[in-house]
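One structure is given here, and the rest of the page talks about it.
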Amino acid sequence: MKPKIKTELPGPKSTVIVNKIKKLNIAYSDPYPYVHSRKGKGCYFKDLDGNVFLDFASQIASNPLGYNNRELNKVVKSYKKYPVKYAGQDFNVKEHADLLEELLTITPKNLDRAFLVNSGAEAVENCLKLAMRKQKKAKLGISFEHSFHGRTLGALSYTHSKPIHKQSFFSLSNKVLPFTEDAEDKLKKIIKQNGASSIAFVLMEAIQGEGGYNVAPEKLVKDIRKITKQYCIPFIIDEVQSGMGRTGKWWAHQHFNVYPDIMSSAKALQVGAAIASKKFSLESGSISSTWGGGHTLDLAVGLKTIQIIKKQNLLRNVTIMGNHLKKHLYDLKNENLINIRGKGLMLAFDLPNKKTRNNLIIECLKNGLVILGCGEKGIRLIPPYIISEKEICQAIEILELAIKKVAKPRFRHTGKICNYLTCGESHT
Ligand SMILES: Cc1ncc(COP(=O)(O)O)c(C=O)c1O
């Protein structure tokens, strides 16, 4: 397949649906100018108007195996009877047991229990609760500049990537550390001033997602792990975006040779999970969720996803193709493409400013390549794990021409697409 755009974006069929969502959604947040048709294969999908796109956004890292994977389609087809969703923490389904068991084969060995919920934010939220229950005298939690942990109020309290996320929403008590090697001194100061027992947890993304795909300096991760261990403060790693193999290892923190006490997962897992060791177990009734552990189809797709990644050794492909993509980006030698970073297929680069970044997303889209923003002026490149060299070459070709075009001093988009210029600004 090849990316091929036949209509103005959005095309006529997509426009009808986009306009309906725009009118009725109370918090419409500039989605992309097309509507998925469920057609496509691998890294390509078709919209309702027959346009073919090459996907380097992977439904914000939640579609690791691409479109119409044969084995996943078989799983989906087997769920024909209603209900598909059960109240899974109170009423048992086999899929709950199966996913827990499979998930715990890929978690670090000290993390041997999990609690399944619906989303990434809920996964983080429940990780915080596991830590809080252990630290009975705690009054505050600690997180990092530019972090993104989700939109529920607990997770949002520890999110610091963009002011718009928090405007007029109250926060839980928190202190913020720099995402640099200076964090160690600041954490020590907080401990000295407040006492270690007042701290419920330190929450970190080893590779930040929405906040800019910033890879933590190795010393930062190691220092924080050392101090949290020394003072028995639960160290939570948020792997909602970076986990499940996206960086070439099952979990991004494994690039730093540390073990968290608690970890979140979601997105590519298809459901949310708070993962920890048995010692964080809670008494019945402490945490729950109607659909947690009961969305049978999602649980079955999550299970099969892990099995396919294992069977096809896709972590290897992620590493090899990630290196390949990164090399291509460097080889472009374009002065407007700066700060190339990331691991595996969790890659990003910056443009000189936000306007050029947004223009680039649109220009790529007009040529059939879907990419996604992050941070202030960054672009994420997060194709499915099955990406091939040929597809990377197609993407680079589109990217190269698009960067040259949007970098021209008086560059402006024209037409209907101008209503969508901020569609690629990241939201999660
Ligand atoms: C690191 C991280 N944590 C938590 C979340 C929240 O996940 P969700 O949007 O599924 O609630 C996200 C979402 O992008 C994320 O990237």
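The values are calculated or read from the model by the stated rules, or taken from the named source; none is laboratory data. Bear in mind the structure is a predicted one, so any value in this text is a computation, not a measurement. Don't worry about glycine lacking a Cβ; one is built from the backbone with ideal geometry, like all the others, and counts go over all protein chains shown. To get the accessible areas, we keep the full protein, side chains included, count just its heavy atoms, and leave off ligands, DNA and RNA. Shrake-Rupley method; radii C 1.70, N 1.55, O 1.52, S 1.80 Å.
Brief remarks follow.
- Filter pass, Asp298 being among the acidic types (Asp, Glu) and in contact with a strand residue (DSSP E or B) (Cβ under 6 Å, 6 or more places away or on another chain): no
- Checking each residue in region 382-428 for being part of a helix (DSSP H, G or I) and open to solvent by 40 Å² or more (accessible area, probe 1.4 Å) picks out Glu389, Lys390, Cys393, Glu397, Glu400, Leu401, Lys404, Lys405, Lys416, Cys418, Asn419.
- So Asn63, is it open to solvent by less than 50 Å² (accessible area, probe 1.4 Å), in contact (Cβ under 8 Å) with a residue 60 or more places away in the chain, closer than 30 Å to His165 by Cα and among the polar types (S, T, N, Q): yes
- Test: residue in region 254-273 that is in a helix (DSSP H, G or I), touching a Lys or Arg at 6+ places or on another chain (Cβ under 9 Å), open to solvent by less than 10 Å² (accessible area, probe 1.4 Å) and not aliphatic (A, V, I, L, M): yes
- If the condition is being within 22 Å of the chain's Cα centre (by Cα) and open to solvent by 30 Å² or more (accessible area, probe 1.4 Å), then region 316-331 contributes Arg316, Asn317, Thr319, Ile320, Asn323, His324, Lys326.
- Once region 211-243 is narrowed to residues that are among the acidic types (Asp, Glu) and touching a strand residue (DSSP E or B) at 6+ places or on another chain (Cβ under 6 Å), the residue that is nearest to the ligand (Cβ to nearest atom) is Asp238.
- Hey, Leu65 more than 16 Å from the ligand (Cβ to nearest atom) and under 24 Å from the mean Cα position of the chain (by Cα) or not: yes
- Within region 82-103, one or more residues are buried (at least 18 other Cβ atoms within 10 Å of the Cβ), closer than 23 Å to Ala206 by Cα and not assigned by TED's automatic domain parsing to the domain that holds Val16.
- Region 183-198, subset within 30 Å of Lys249 (Cα to Cα) and in contact (Cβ under 8 Å) with a residue 40 or more places away in the chain, residue farthest from the ligand (Cβ to nearest atom): Glu184
- Residue count for region 156-192, restricted to those that are small (Gly, Ala, Ser), under 21 Å from Thr228 (Cα atoms) and surrounded by 17 or more Cβ atoms within 10 Å (Cβ to Cβ): 2
Listed here are the residues, each with its yes/no results for (1) at positive phi; (2) in contact with a helix residue (DSSP H, G or I) (Cβ under 8 Å, 6 or more places away or on another chain).
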residue: Ile224; (1), (2): no, yes
residue: Ile227; (1), (2): no, yes
residue: Ile233; (1), (2): no, yes
residue: Gly245; (1), (2): yes, yes
residue: Pro260; (1), (2): no, yes
residue: Val271; (1), (2): no, yes
residue: Ile275; (1), (2): no, yes
residue: Thr290; (1), (2): no, no
residue: Leu297; (1), (2): no, yes
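- Checking the stated criteria, Thr180 turns out to be part of a loop (DSSP other than H, G, I, E, B), more than 16 Å from Val240 (Cβ to Cβ) and touching a residue at least 24 places away in the same chain (Cβ under 8 Å).
- Test: residue in region 119-138 that is in a loop (DSSP other than H, G, I, E, B), among the small types (Gly, Ala, Ser) and open to solvent by 60 Å² or more (accessible area, probe 1.4 Å): no
- Test for Glu376: is it under 22 Å from the mean Cα position of the chain (by Cα) and either part of a loop (DSSP other than H, G, I, E, B) or in the same structural domain as Gly248 (by TED's automatic domain parsing) (or both): yes
- Filter result (open to solvent by 10 Å² or more (accessible area, probe 1.4 Å) and either within 17 Å of Thr105 (Cα to Cα) or among the acidic types (Asp, Glu) (or both)) within region 239-253: Gly248, Lys249, Trp250
- Glu363 under 25 Å from the mean Cα position of the chain (by Cα) and crowded, with 20+ Cβ neighbours inside 10 Å: yes
- Scan of region 347-367 for residues that are part of a loop (DSSP other than H, G, I, E, B) and touching a helix residue (DSSP H, G or I) at 6+ places or on another chain (Cβ under 7 Å), ordered by number: Leu351, Asn367
Quick grid of which residues meet (1) basic (Lys, Arg); (2) at positive phi; (3) within 16 Å of the ligand (Cβ to nearest atom):
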position	(1), (2), (3)
Lys81	yes, no, no
Asn110	no, no, no
Glu122	no, no, yes
Leu140	no, no, no
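- Against the criterion of being over 30 Å from Gly285 (Cα atoms), open to solvent by less than 40 Å² (accessible area, probe 1.4 Å) and touching a residue at least 12 places away in the same chain (Cβ under 8 Å), Phe148 does not qualify.
- Residue within region 280-294 that is in a loop (DSSP other than H, G, I, E, B), out of contact with any Ser or Thr (no Cβ under 8 Å at 6 or more places or on another chain) and farther than 30 Å from Pro83 by Cβ present: no
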